[in-house]
1. Of all residues in the stretch 8-51, count the ones that are open to solvent by 70 Å² or more (accessible area, probe 1.4 Å), in contact (Cβ under 8 Å) with a residue 24 or more places away in the chain and not in a loop (DSSP other than H, G, I, E, B).
2. Please work out if residue 86 is away from ligand 3 (no atom under 16 Å from the Cβ), out of contact with any Phe, Trp or Tyr (no Cβ under 9 Å at 6 or more places or on another chain) and either among the basic types (Lys, Arg) or assigned by TED's automatic domain parsing to the domain that holds residue 119 (or both).
3. Please give the strands (runs of 3 or more DSSP E) falling wholly within the stretch 116-177 in which 3 or more residues are assigned by TED's automatic domain parsing to the domain that holds residue 83 and in contact with a Pro (Cβ under 9 Å, 6 or more places away or on another chain).
4. Quick one: is residue 217 in contact with a Cys (Cβ under 7 Å, 6 or more places away or on another chain), free of Cβ contacts under 8 Å to residues at least 40 places away in the same chain and away from ligand 2 (no atom under 16 Å from the Cβ)?
5. Of the conditions (1) within 21 Å of residue 180 (Cα to Cα); (2) assigned to a loop (DSSP other than H, G, I, E, B); (3) open to solvent by less than 70 Å² (accessible area, probe 1.4 Å), residue 91 fails just one. Which one is it?
6. Going through the stretch 236-272 one residue at a time, which ones are open to solvent by 70 Å² or more (accessible area, probe 1.4 Å) and of a type in the set (Asp, Glu)?
7. Please go through the stretch 138-150 and give me each residue that is touching a strand residue (DSSP E or B) at 6+ places or on another chain (Cβ under 9 Å) and open to solvent by 50 Å² or more (accessible area, probe 1.4 Å), ordered by number.
8. Looking at 226, 177, 188 in this structure, which one is under 21 Å from residue 90 (Cα atoms), exposed (fewer than 13 other Cβ atoms within 10 Å of the Cβ) and at pLDDT 90 or above?
Amino acid sequence: MQKHSAYRLTYALNETGQLVNVDKVPVGNKCGCFCPACKEPLIAKNQGTKRMHHFAHLSGTECDYAIESMLHILAKEKIREAFLSNSEFWIEFEYKSYCTNFAYCKFIHYSDCCESKRQRFNIKRFYDSCEQEIPYDNINRRSDLKIFSSTHPERSPIYLEFFVTHASDLEKLHSGNKIVEICIESVNDILQLAENGIIESNSYDSGDYYELEKDFRSVSFYGFKNMDYGNSHISTEIEFVRYILYQSGKTQCFQDVCNCKRLAKSKASSLLEICIHTSVSFALYEQVRYIGYQKFNIPNCILCKNYVDNYSGMGKICRLYKHLQIPRYENFDTARAKTCHYFAIDQKEMQSVLQNGLKEYHTIFCEQQSTDDIFTLQNEPHSHKD
Ligand SMILES: [Zn+2]
Ligand SMILES: [Zn+2]
Ligand SMILES: [Zn+2]
């Protein structure tokens with residue numbers, strides 16, 4: 001099976017420890033090269049036009065770390081060379097300017113009340129030096145590359161960390177230093193970086209369901225100023241779920257949008273409105289309807305144990321409809337529960353919902369503002385990462 005060119009050993013170390021390309025060395029075992037990982041002698045397979053030229057271990061061993069080591073050394077050399085030999089070297093990362101209404105804005109808690117832009121710098125304007133394997137100033141680690149200013153030593157340096165399979169440890173990344181962590185998968189990745197500069201990957205805007213993917217970027221910036229809380233002109237319409245309870249006991253639960261300054265009660269006739277700051281409404285309605293009942297005690301069929309899913313999956317029916325002699329679907333009035341002797345709530349389910357509370361950030365607009373604990377406007381969730 002022919003391996004993909006990205007996974008071929010195309011560079012190796014020569015006698016003096018320099019990284020050299022397979023096409024720049026003598027043929028076969030006259031190449032005088034060594035494996036960058038295990039240091040065994042190599043042969044250069046750099047003849048012919050059919051197969052991609054590459055190095056192989058003279059002993060025939062399959063060396064697991066050869067390519068990883070090659071990419072790591074090559075990245076350090078090529079990026080350093082690109083930085084030093086060009087008049088411009090760009091870095092670019094995502095910058096988020098959040099709502100000034102930091103204390104009250106609920107949207108901010110799930111990162112929606114902000115404007116995002118790309119920040120670009122030609123770092124050659126601030127730095128003139130780049131060295132390999134220099135220890136950090138404040139922690140006992142080495143960096144792959146340290147970019148710094150020889151004329152302005154007070155400027156905090158930028159450290160570059162390249163990895164092929166293992167990301168840097170957290171102590172390094174959260175040490176307060178300016179660090180860019182860069183995942184390298186092929187020689188081509190390295191050439192791209194050398195040519196275009198170091199550009200942070202776009203973050204995924206995929207909601208809560210894909211949190212794992214959201215955290216993965218092949219280029220990540222740490223310790224750079226990439227956010228503020230000074231944005232007073234955000235006009236973005238942000239999605240949330242609105243639940244409304246009316247005097248009749250009827251309810252609505254639907255997807256709504258507004259910007260954070262216009263978040264308000266929407267219906268003059270409503271008793272209770274809960275704005276849940278998530279765009280994922282799944283299973284929320286089952287929770288908020290109990291909160292409405294606990295507050296106002298208005299019976300409605302949607303709260304009743306006897307109001308069940310229809311077999312066909314088409315909406316809900318009262319399973320006592322024959323006995324009660326009421327219509328099955330059409331003209332069915334869920335407010336009839338107010339006078340129905342069979343109205344019954346699943347107490348166990350209601351208690352567990354009320355005890356757990358709403359996990360999502362939410363804002364409550366209530367007709368008779370009370371001091372009940374679940375109705376405080378700053379109800380913080382039990383488990384939600386910031
Ligand atoms: Zn090897
Ligand atoms: Zn806001
Ligand atoms: Zn590294």
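The values are calculated or read from the model by the stated rules, or taken from the named source; none is laboratory data. Just so it is clear, the structure is predicted and the values come from calculations on it, not from any experiment. So basically every Cβ, Gly included, is an ideal-geometry build from the backbone, and we count neighbours across all protein chains shown. Areas reflect the complete protein model, heavy atoms only, side chains present, ligands, DNA and RNA absent. Shrake-Rupley method; radii C 1.70, N 1.55, O 1.52, S 1.80 Å.
1. 1
2. Taking the combined requirement at face value, the residue satisfies it.
3. Details: elements: 129-132, 145-148, 158-163.
In the stretch 116-177, the matching strands (runs of 3 or more DSSP E) lie at 145-148.
4. On the way: in contact with a Cys (Cβ under 7 Å, 6 or more places away or on another chain): no; free of Cβ contacts under 8 Å to residues at least 40 places away in the same chain: yes; away from ligand 2 (no atom under 16 Å from the Cβ): yes.
Against the criterion (in contact with a Cys (Cβ under 7 Å, 6 or more places away or on another chain), free of Cβ contacts under 8 Å to residues at least 40 places away in the same chain and away from ligand 2 (no atom under 16 Å from the Cβ)), residue 217 does not qualify.
5. Only one criterion in (1) within 21 Å of residue 180 (Cα to Cα); (2) assigned to a loop (DSSP other than H, G, I, E, B); (3) open to solvent by less than 70 Å² (accessible area, probe 1.4 Å) is unmet by residue 91, namely (2).
6. Hits for the stretch 236-272 are 237, 239.
7. Kept after step one, since they are touching a strand residue (DSSP E or B) at 6+ places or on another chain (Cβ under 9 Å), are these residues of the stretch 138-150: 141-150.
Selection gives 141, 142, 148, 150.
8. Working: 226 fails: exposed (fewer than 13 other Cβ atoms within 10 Å of the Cβ); 177 fails: exposed (fewer than 13 other Cβ atoms within 10 Å of the Cβ).
Only one candidate qualifies: 188.
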